[in-house]
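The values are calculated or read from the model by the stated rules, or taken from the named source; none is laboratory data. All values reported here derive from a predicted model rather than from experimental measurement. When we count neighbours, we look across all protein chains shown, and the Cβ atoms used for this are built from the backbone with ideal geometry, even at glycine. All accessible areas refer to the heavy atoms of the entire protein, side chains included, with ligands and DNA or RNA removed. Shrake-Rupley method; radii C 1.70, N 1.55, O 1.52, S 1.80 Å.
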Amino acid sequence: MWALGAFYLSLGPGLAASVTGSDSLLLGGLVIFLLSGLGALASLLFRNAPAHVIERFGVVSLLFGVLVTLSALIVPSAATFLIGTGVAGIGWGVAYLGLFRSLVGLAGPTERAGMVSAIYIVAYLAMSVPAIVAGLAATAWGL
């Protein structure tokens, strides 16, 4: 999940420019907003649902959103790219909420702080390492 966020945050604006043929910075910001904003909104809307339900919904949404986004890269379409990004953002937010809730629930009351710390360490490593690799690859070979 977090690797997907990293790819969108590092390459999303460039991919949006490539798909649309526009160099608008606003469009690049819209991609980031759709992913993050819809992920946050979906997390808020699904906050009372059972963890196992939202994990499954989130993963399916995430995969579907990525597939729609990839299809927009094959057959360039700004609308398809933005819709795919939005659906992936919903999946990202909801899947992370379910995962977080499930993992923290496994820890005892005195172990929860350590569990939350471990989750964030893994999440930020999963976000930073792919972003660096993708940035280096895009610099060497292009998008």
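A few points about this structure:
- Heavy atoms of Thr20 accessible to a 1.4 Å probe, total area in Å² rounded to 10: 50
- In order along segment 80-88, the Karplus-derived 3J(HN,Hα) couplings, from 6.51 cos²θ - 1.76 cosθ + 1.60 at θ = phi - 60°, round to 5, 4, 5, 5, x, 5, x, 5, 5 Hz, and Gly and Pro are given as x.
- Prolate/oblate/rounded call for segment 72-143, Cα gyration tensor, a/c under 1.5 rounded: oblate
- Label sites at Phe33 and Ile132, each approximated as a point 7 angstrom past Cα along Cα to Cβ, lie 3.2 nm apart.
- D (Stokes-Einstein, µm²/s), Kirkwood Cα radius, segment 8-76, 0.890 mPa s at 25 °C: 184
- Carbon/sulfur fraction of accessible area - the chain, other protein chains in place, 1.4 Å, %: 76
- Solvent-accessible surface of protein heavy atoms, probed at 1.4 angstrom with all chains present, puts Phe46, Phe81, Phe64 in the order Phe64, Phe46, Phe81, largest first.
- Computed from phi, the 3J(HN,Hα) profile of segment 104-114 under the Karplus parametrisation 6.51, -1.76, 1.60 (θ = phi - 60°) reads 5, x, 6, 8, x, x, 7, 9, 5, 4, x Hz, with x in place of Gly and Pro.
- Summary of packing: across the peptides 33-45, 124-136, the per-residue average of other C-beta atoms within 10 Å ranks them, highest first, as 33-45, 124-136.
- For the chain: relative contact order, % (alpha-carbon pairs under 8 angstrom, 6 or more apart): 34
- The tail of the calculated P(r) for segment 10-143, taken as Cα-Cα distances beyond 28 Å, holds 24 percent of the pairs.
- Looking at segment 92-132, the accessible area is 57 square angstrom per residue; that uses a 1.4 Å probe and ignores ligands, DNA and RNA.
- Computed accessible area, Glu111, all protein chains, 1.4 angstrom probe, square angstrom: 110
- Angle between the chain longest axis and helix 25-45 axis [Cα atoms, degrees, rounded to 10]: 20
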